[in-house]
Each structure stands twice: as structure tokens, then as C-alpha cells.
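One structure is given here, and the rest of the page talks about it.
The values are calculated or read from the model by the stated rules, or taken from the named source; none is laboratory data. Owing to the predicted nature of the structure, the values given are computational and were not obtained by experimental measurement. Quick reminder, even Gly has a Cβ in these numbers, built from the backbone with ideal geometry, and neighbours come from all protein chains shown. With ligands, DNA and RNA removed, areas are computed over all heavy atoms of the protein, side chains included. Shrake-Rupley method; radii C 1.70, N 1.55, O 1.52, S 1.80 Å.
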Amino acid sequence: MLRLILLSLWVTVSLAMKSYEGYKVLRIDVSDAGDVAILQELQDVAELDFWDFPRDLMVPPTLLEFVEHYLTSNDILYYVWMDDVQAKIDGVITSNKPRTDVDGFDYYVYHNYSEIMDWIDSIVATYPDLATSFSIGLSHEGRDLKTLKIGLETGKLKRAIWFNGAIHAREWVSPATVMWMTNAFLSNVTEGTNPDVTFVMEFFDMYILPVMNPDGYEYSWTDERLWRKTRTLHPGDECYGTDLNRNFDYEWGGLGASNDSCDNTYRGPEALSEVETQAVVNFIRQQSQEQPFRLFIDYHSYTQVMLSSWGYTYDLPVDFDLMEAHMKVQTAAITSVFGANYTYGAASSTLYPSAGGSKDWGYGDRGIPYSYTLELRDMGEYGFLLPEDQIYPTAYENYVGLVAGLIHISHQ
Ligand code: 0X9
Ligand code: ZN
């Protein structure tokens, strides 16, 4: 009987979800800047979704003929990388096992928003001397932006660091990684066996927001697995959703940020139009009056790359040498664990330019010297649909990288 109920629940849930049956991801062979300009045009076609611009493009069945013709007539080579996106989605959540184990939290499955909020409460209950939680505001639909502070009390002024996950809803491995790393810091410092971890927990207070875009994240669980943006509909706009990583008030509205609400990189009607960006900005501005922030990492997926400022311009920041040395240490440490290759560089030239992003705000507005976007696994084999068995390696390697990076900047 229980099986039957579960099955009918599953059917109801899957019926409500958008189906990506027949959607394909094309991998495009981009040879020069001319190709990029041609591909740029496709960004303006609603329903086309660059998973990773300009290389990986998701195409619905209705637009396949158009896109193939467009690419071929422009002499751009491509091949079908994922044949049926829905089949990949179905493959990720393979098991019917409960999302929370009886004897504790299961870090090796993806969790929805409410499970993550319960996890925050249980972390605080388990480590009352090391962890506190508070809400820095409410999302547009009224969900708490619940944030953790972890660290060892020393009685001295401590430097602060910030990291968050799920600014982009569909990048599920980012909150999973953030949670795993948080737990690793707390359990390692409690065991007291790793002097590096003890040192960083004494040196830094860590402010952690696992889900920065709760409405979008929840929507990616209930309605559209590949949703990216928030869930706001601003007056006069045709489509839902603002890209929070184009909405910060530093050089807002420039390169790589769309003014069309139907685009995945929609910057919003004005800087900080979204309550989620407002909350993060207000919190860090206020907290930085108490203690200096030294590091800011916005965890994303995918492509395995650590990106510094600037995003809004091709110019390099004056502190680029410092950033580069730090990124080199952190990515080398990440790679040392399982050999996964992570590259690094300034965002605009390494990836593509985009204005109004979080790391440009961290560095440009707040003067946080080490301010980054970190794109987690993988290199595109599964993209946003990373199987749950890769949560552990992703989180573990990034924990080792983060600790090594923190040791490095504590000497600066
Ligand atoms: O486009 C983004 O916001 C990030 N990539 S993602 O696939 N996770 O959406 C990259 C942001 C990097 N920063 C800049 N290019 N400025
Ligand atoms: Zn992202």
C-alpha cells in the first residue's frame, strides 16, 4: 500500500514538472571571436538556453531545425552532446531512498530548501559553541535567507569570510558542497586533529548562506529542473525571473547582462531590484563595520574554474597578482585530492564578460581582496545534472582547496 501511495505521489510530482523530453544539449566547436558574435545572437532567442556560453546550448525539439540550420549556414561545427535531457534528469535521482537518513543527515543526496533549513537548525543544535544561525532577510516569496556563522571564539577581532551556494537555482551541487564543507569544518575542529582547520577557525569567522535564491531553488525542485533565476515578475516585464548574478550594484547593467526579462541573464529593472541581493549586500555592508571581510566565494556549477574580478570589463584589477597567487594555491590544492583539473583567471577573459555579478561587488564595492565565482564539477559530461555520487568528490576536493587558500591569505 505504501509503495502505491509513494508511486502515485511520484507520478503527481512528475506530472507537475516541466518535461525536457527531446531537449538536446549541443556542444559547439567555437573557433574564434567571430563565432562568439554569431552565437551571441542565439542568446536572444527565448527558449534557447546556453548552459555554458558559448559552448553548451540546450535546444527544445521545436527549435532544433532552426538552430541546426543557423549553425550550419554560419559554418559552425557542433555535435549532439546530450540526446535527451529528460533522460539525464531521471538518471540523477535514481533511488527512492529517503532524503534524510534516520541516523543523521545524508550529505550524498541533493536536498530541497526545507531540508536544508532543517539541516541548519541541526548544525546549530549539534555545535552550539561553534555555530549560530540567523536570517538576513526574506526572499521575494517569503522564504528565510538563513545564514550560518561558524568559528572558534577567541576574544580577539577576527577576519570574516563569506560563502554561498545556489545563487543560480539549478546548480544543485553548490548548496550540497557548501553544506558538506561547513560540516567538515565543524567536525574537524571538534576532533582537533587537523591543525590547519583549527587555525582557520580561530583566524576567521565564516558566514555561510547555502541557498541564496530560495524561490528559484524550490522552483527547480517542483516545476522546472533547469530554472536559473529568481521568481519575480516586475511591472512591465513579460517573463519571470532576474539573474541575481547580474543584479548587484557594482557596474550594474554593462556587458553580458540582458535587459530582456525573458533572458536567463536578465539583470532586473534596476540594480538591487531583488530582495535577495539587497539582503546579502546589506548584511555584508553592516557586518564589515565590525570585522574586515577578506574572502568572498559564490559557489556555482559547472566547468571547474575559479574566477576573479573583473567580470564587467576586460581590464585586470590592480590586485590581480594577489588574486592570481591565491587562485593558484586554491586550485592546485583542489586538484591534489582526486586529480580533477580546475583552472583559474579573471572572469571576463577566462569565461565571458558579465556585469553586476557578486564577485565584482565583493571586490569593487566592499574592497574584499579575494572575491570569486567558483564553478564546481563537472566539465560538462552531466553539467547541471551532476549525479549524486559526485557530491562527495566535489565537496571534499573543494574543502581541501578552501582550507589551503585560507591558510595562504591569512599570511597576506
Ligand atoms: O554566468 C554566470 O553568472 C556564471 N556562470 S554560470 O554558468 N554558473 O551561470 C559565471 C560568472 C562569472 N563571472 C563573469 N563572467 N563575470
Ligand atoms: Zn551559476
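Some points to look at:
- Taking amide hydrogens as placed 1.01 Å from N in the peptide plane, the amide H of Y78 sits under 5 Å from those of D29, each at least 5 positions away in sequence or on another chain.
- The slack in the chain from E324 to T72, taken as 0.36 nm per residue of separation less the alpha-carbon distance, amounts to 86.8 nm.
- Antiparallel DSSP beta bridges within the chain, percent to nearest 5: 50 percent
- Taking the chain as a Gaussian network of alpha-carbon nodes connected by springs under 10 Å, the highest mean-square fluctuation of the residues G142, G356, G253 belongs to G142.
- Figure note: R231, R170 ranked by solvent-accessible area, largest first, 1.4 Å probe, ligands and nucleic acids not counted: R231, R170.
- Here, P(r) means the percent of Cα pairs in each 20 Å bin from 0 to the largest distance; for the chain it is 27, 60, 13, 0.
- Element breakdown for the chain at a 1.4 angstrom probe: carbon and sulfur atoms account for 52% of the accessible area.
- Hz values of 3J(HN,Hα) by residue in the stretch 211-223 - Karplus curve (6.51, -1.76, 1.60), Gly and Pro given as x: 10, 7, 10, x, 5, x, 4, 4, 4, 6, 8, 9, 10
- Gyration tensor verdict on the stretch 308-412 (Cα atoms; rounded if a/c is under 1.5, prolate if a/b is larger than b/c, oblate otherwise): oblate
- Solvent-accessible area per residue for the stretch 23-157 (1.4 angstrom probe, square angstrom): 53 Å²
- Accessible surface for the stretch 268-412, divided over its residues, is 34 Å² per residue with a 1.4 Å probe.
- Residue among F204, G356, M379 farthest towards the positive dipole end of the chain, charges placed on Cβ: F204
- Each peptide in 324-335, 150-161, 292-303 gets a packing score, the mean of other Cβ atoms within 10 Å over its residues, and the list from highest to lowest is 292-303, 324-335, 150-161.
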